[in-house]
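The values are calculated or read from the model by the stated rules, or taken from the named source; none is laboratory data. Quantities reported herein were computed from a predicted structural model and do not represent experimental measurements. Cβ placement follows ideal geometry from the backbone for every residue including glycine, while neighbour counts extend to all protein chains displayed. To get the accessible areas, we keep the full protein, side chains included, count just its heavy atoms, and leave off ligands, DNA and RNA. Shrake-Rupley method; radii C 1.70, N 1.55, O 1.52, S 1.80 Å.
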Amino acid sequence: MVDACAAVARDPRSITLIAVTKTYPASDAATLVGLGLLDLGESRDQEAVAKAAELASLLRRSVEVPVPRWHFVGRLQSRKARSVARYAHSVHSVDRTELIEGLADAVGRLGRSPLEVFIQVSLDGDPNRGGAVIGGLGALADAVSQRQELRLRGVMAVAPLGGDPDEAFSRLAEASALVCSQHPDAVAISAGMSADLEQAVKHGSTHLRVGSALLGRRREVFG
Ligand SMILES: *Cc1c(COP(=O)(O)O)cnc(C)c1O
């Protein structure tokens, strides 16, 4: 990441590195937290619920208790909104109104601090991989900003399979500019995974979601 920043003259401090711990045990998450990596990501609610609880109990044993932030980065069914709102600091995969309302209602009922939200952009037009089409971003950004339970941070995308990440992230940067023109605080761009983090940094990523490059190869790959 430091090399990727140096290559395009960006300050690494302007980027949040999220360690995606899916498929790895809570003990690995505890190790990362011990190293000062406090932003952790998960892509499946069931796994995240269990890991967040286990990590909390592991950390309770340490003298100084750092508080990690869980970022939910995977596809999210609306019926899971309530569960995710219990442990997540932010959700990167918000792509429809129903989910916005579900998350906001859940945050309201829990009486917790506002949930940070990224609107996921579809860069390949494949609805099965999640994300909203560029033309729908304005309405979704407005819907998020109308709910005081949510805080609109910006946009997120996964580069299309087999496509050119350079081209994909340049389109994401345009989508980000579009959202920012109406919501000047929503400057964040969640982009870049192990295989394409350099291209993401080049195109302004503020939040990298890195799993295997930090933790080693996964045995199974989830979407
Ligand atoms: C798994 C996952 C990542 C991390 O992927 P790596 O290739 O292991 O870095 C990032 N973002 C999302 C949405 C993921 O599902």
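Numerical summary
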{"quantity": "Leading residue by the ranking (nearest to the ligand (Cβ to nearest atom)) among those in region 88-133 that are open to solvent by less than 70 Å² (accessible area, probe 1.4 Å) and at pLDDT below 95", "calculated": "130"}
{"quantity": "Residue within region 163-181 that is touching a residue at least 60 places away in the same chain (Cβ under 8 Å), on the phi < 0 side of the Ramachandran plot and within 12 Å of the ligand (Cβ to nearest atom) present", "calculated": "no"}
{"quantity": "All positions within region 145-181 that are open to solvent by less than 30 Å² (accessible area, probe 1.4 Å) and of a type in the set (Val, Ile, Thr)", "calculated": "155, 179"}
{"quantity": "Restricting region 1-31 to residues that are part of a loop (DSSP other than H, G, I, E, B) and at pLDDT 95 or above, the residue that is least open to solvent (accessible area, probe 1.4 Å)", "calculated": "21"}
{"quantity": "Every residue from region 54-87 that is among the aliphatic types (A, V, I, L, M), open to solvent by less than 30 Å² (accessible area, probe 1.4 Å) and either part of a loop (DSSP other than H, G, I, E, B) or at pLDDT below 95 (or both)", "calculated": "59, 73, 76"}
{"quantity": "Residue that is surrounded by the most Cβ atoms within 10 Å (Cβ to Cβ), among those in region 192-214 that are within 15 Å of residue 18 (Cβ to Cβ) and more than 9 Å from the ligand (Cβ to nearest atom)", "calculated": "205"}
